[in-house]
Amino acid sequence: MVIALSGRRIDAFNAKDVRFPLRNVDLVGRRIRSMFEADGVKALVTSAACGADLIALSEAGALGLPRRIVLPSTRDDFKRNSVLDRPGAWSSLYDEVLEAVSASGNLIVMDRALQRPDYSAASLAILDETAALAKELGDSPAAALIWDGSSRGDHDITEEFGEEARKRGLRVIEISTL
């Protein structure tokens with residue numbers, strides 16, 4: 001199975017709602033690794049934001065799984081807007097993972113002349129890349145949602161990702177961040 005993954009970022013310092021507290025990083029990492037092992041995952045496609053993405057990329061790397069990353073903006077812009085703006089020591093993990101994935105030719109930086117990143121377009125690209133990689137590996141695609149299980153309301157990227165994966169007929173695995 002080739003997994004397309006999307007999920008919550010670590011809660012902001014002043015978050016009103018608890019969706020992915022920093023204290024749950026190790027717990028979520030164990031849950032993701034367990035899913036990878038139990039479901040025979042052969043590859044991972046995701047973005048690289050702090051929280052679910054980087055945890056999954058780290059676990060996949062530790063298991064020796066091929067990883068493909070889709071970024072909706074340049075490496076530096078994405079790091080500034082989706083990695084460094086939350087609590088936790090994510091910077092070095094981000095740099096390490098992106099170097100390894102880039103060296104393997106599996107880093108995709110979306111070429112868009114936009115004023116701001118299009119995270120919805122990146123989600124669609126992750127699903128497209130997962131389908132292509134699954135076909136290349138002769139395996140089936142699936143999706144994983146790493147989240148609290150509740151919509152944040154309008155334009156919840158994780159929720160939209162799950163809905164699109166279901167529309168495409170993918171098996172969707174949900175892992176709680178709580």
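The values are calculated or read from the model by the stated rules, or taken from the named source; none is laboratory data. What you are looking at is a predicted structure, and each value in this text was computed from that prediction instead of being measured. Methodologically, a virtual Cβ is constructed for each residue, glycine included, from the backbone with ideal geometry; neighbour enumeration extends over all protein chains shown.
Descriptive notes on the structure:
- Hits in region 5-18 - residues which are over 20 Å from Ala89 (Cβ atoms) and touching a Phe, Trp or Tyr at 6+ places or on another chain (Cβ under 8 Å): Ser6
- Pair list, Cβ < 7 Å and 6+ apart or interchain, from region 123-151 residues that are more than 22 Å from Ser73 (Cβ to Cβ) and in a loop (DSSP other than H, G, I, E, B) to residues that are among the small types (Gly, Ala, Ser) and at pLDDT 95 or above: Ser140/Ala134; Asp148/Ser176; Gly149/Ser176
- The number of residues in region 34-67 that are farther than 20 Å from Ala89 by Cα and not in a strand (DSSP E or B) comes to 13.
- When restricted to residues that are out of contact with any Asp or Glu (no Cβ under 8 Å at 6 or more places or on another chain) and either within 18 Å of Ala12 (Cα to Cα) or in contact (Cβ under 8 Å) with a residue 12 or more places away in the chain (or both), region 22-38 contains 8.
- If the condition is being surrounded by 14 or more Cβ atoms within 10 Å (Cβ to Cβ), assigned to a loop (DSSP other than H, G, I, E, B) and not charged (D, E, K, R), then region 152-178 contributes Leu170, Thr177, Leu178.
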